[in-house]
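The values are calculated or read from the model by the stated rules, or taken from the named source; none is laboratory data. This one's a predicted model, so the numbers in the text were calculated from it and none came from an experiment. Neighbour counts run over all protein chains shown; Cβ positions are idealised from the backbone, glycine included. With ligands, DNA and RNA removed, areas are computed over all heavy atoms of the protein, side chains included. Shrake-Rupley method; radii C 1.70, N 1.55, O 1.52, S 1.80 Å.
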Amino acid sequence: MTDLVFWGLVVVATLTSLGTAWTLGANSNSPPFAPAIGANAVSTMKAAFLIGILAALGALTQGGSISETVGAGLIDGVAITSLAATAGLLTATAFMAFGIYSGYPVPAAFATTGAMVGVGLSLGGDPAFGTYRRIATFWVLVPPVSGGLAYTTATLLRRDDIPETISIPLLAAVVGGIVANIRLSVIPSPTGAEQESVAGFVAGVLPSPVVGGVDLLLPVVTLAAAALSFQFIRGRTQQSVDRGIKSFLLILGSIVAFSSGGSQVGLATGPLENLYGVELGLPGIVLLTVGSVGILGGAWMGAPRLLQATSREYAQLGVRRSIAALVPGFIIAQAAILLGIPISFNNIIISGVIGGGLAGGSAGVSRRKIATTLVFWVLTLVTSIALGFVVYRAFALVLGGAA
């Protein structure tokens with residue numbers, strides 16, 4: 001491969017990655033703030049601004065694990081070259097563009113994962129069956145876990161014997177405790193790890209006893225964060241239940257938007273991991289910055305229109321059912337980031353909406369729509385593998401067999 005062709009592929013791959021990140025920023029990161037807009041807790045333009053900032057920060061501080069899985073964990077025996085990265089990104093982007101313009105439920109994670117498996121196999125690599133089993137297990141568990149958590153949450157919020165001055169703060173306590181334990185690249189680790197949580201950092205710098213292999217400061221900091229979250233939201237709900245719910249929706253939307261950025265950016269940057277890290281020798285933060293810029297631009301330029309539509313849908317759902325959908329979305333997104341599993345955030349939210357609806361006696365989504373969604377998930381995965389394989393072979397043929 002000549003230098004001219006190589007640098008041309010670098011430019012094309014980077015622009016395609018930016019375009020993919022833009023699409024994710026405009027679409028996948030919008031749902032978290034829709035309930036707050038529907039409840040008149042924040043305006044559409046302010047929500048779009050916050051989504052861009054928070055999702056970009058999440059991408060920078062939490063996007064590395066999924067990016068590594070997409071870029072290096074899906075195929076054994078070969079490295080994803082610049083040409084293969086370009087072919088994979090173009091294939092995945094084509095699927096996402098089809099979903100946006102046709103209205104069919106095409107999940108970004110399925111399209112990207114399938115495309116990268118396809119180009120990897122076309123390169124002559126071996127299937128990474130262990131990784132596939134982990135990813136497939138997680139994907140299969142997402143609907144029942146998200147739906148189950150949403151059902152439990154919605155049931156709690158609907159109980160007459162538990163006032164909202166207690167139920168809403170209890171949910172805030174759960175979220176606060178989890179936030180204290182999410183790993184961020186900006187928090188230094190006393191043990192030398194690349195990422196650390198607030199609870200882990202405190203436990204690492206302050207002396208404390210270890211019981212059963214667990215530093216006692218970890219649960220202490222977690223409980224302290226939960227207690228502070230509970231007290232803050234309880235104070236707001238005691239002043240006014242409506243004000244407390246709106247405050248919780250804003251905070252929850254912010255945290256979920258942050259998490260969605262961390263869980264989605266790897267779909268855009270993962271294919272370029274080998275190109276940027278090995279062939280160009282650049283640190284990982286450079287690639288995540290590229291993805292963050294794309295997500296930020298997509299949120300600022302594309303999210304307002306989608307937010308107006310989705311906020312009306314969430315307003316029809318009601319604030320309690322919206323909360324029930326977002327809480328499991330946050331939990332599952334953070335689990336995926338921790339495990340390095342690529343996910344489609346909208347799939348989690350859809351499952352949560354269905355589970356929350358069941359708590360009220362109806363899922364609010366037709367069986368036909370659910371079946372159509374499942375069919376398109378499977379079709380997206382299978383056809384993206386085949387198309388990724390063919391697209392790379394076509395590119396290599398045109399460029400004279402360049403790797």
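Worth a mention:
- Against the main long axis of the alpha-carbon atoms of the chain, helix 44-62 sits at an angle near 60°.
- Within the accessible surface of the chain, defined with a 1.4 Å probe on protein heavy atoms only, the carbon and sulfur portion equals 68 percent.
- The amide H of Asp76, built 1.01 Å from its N in the peptide plane, has Asp126, Ala128 as neighbours under 5 Å, considering only residues 5 or more places off or on other chains.
- Amide hydrogen neighbours beyond the local backbone of Leu399, cut-off 5 Å, H modeled: none
- Axis angle, to the nearest 10 degrees, between helix 108-122 and the longest C-alpha principal axis of the chain: 30 degrees.
- Neighbour net charge for Thr112 - beta-carbon separation under 14 angstrom, K R +1, D E -1: -2
- Extension gain (nm, one decimal) between Thr165 and Ile285, 0.36 nm per residue minus Cα-Cα: 39.0 nm
- Taking amide H positions as modeled 1.01 Å from N, with prolines and chain starts lacking one, the residues under 5 Å from Ser197 and 5 or more places away or on another chain are Leu184.
- Inter-label distance, nm, simple model (7 Å from Cα along the C-beta direction), Val390/Met45: 4.6
- For the chain: rounded, prolate or oblate by the Cα gyration tensor [a/c cutoff 1.5]: prolate
- Taking the C-alpha atoms only, the angle from helix 345-359 to the longest principal axis of the chain is near 30 degrees.
- In this structure the chain gives 43 Å² per residue of accessible area when probed at 1.4 Å with all protein chains present.
- In Å², nearest 10: area of Thr131 left accessible to a 1.4 Å probe: 30
- Rounded to the nearest 10 square angstrom, Asp242 shows an accessible area of 90 square angstrom against a 1.4 Å probe.
- Chain lengthening between Val140 and Phe376 when straightened (0.36 nm per residue, less Cα-Cα): 83.5 nm
- Principal axis extents of the C-alpha atoms in the range 1-56 (largest first, rounded to whole Å): 57, 14, 13.
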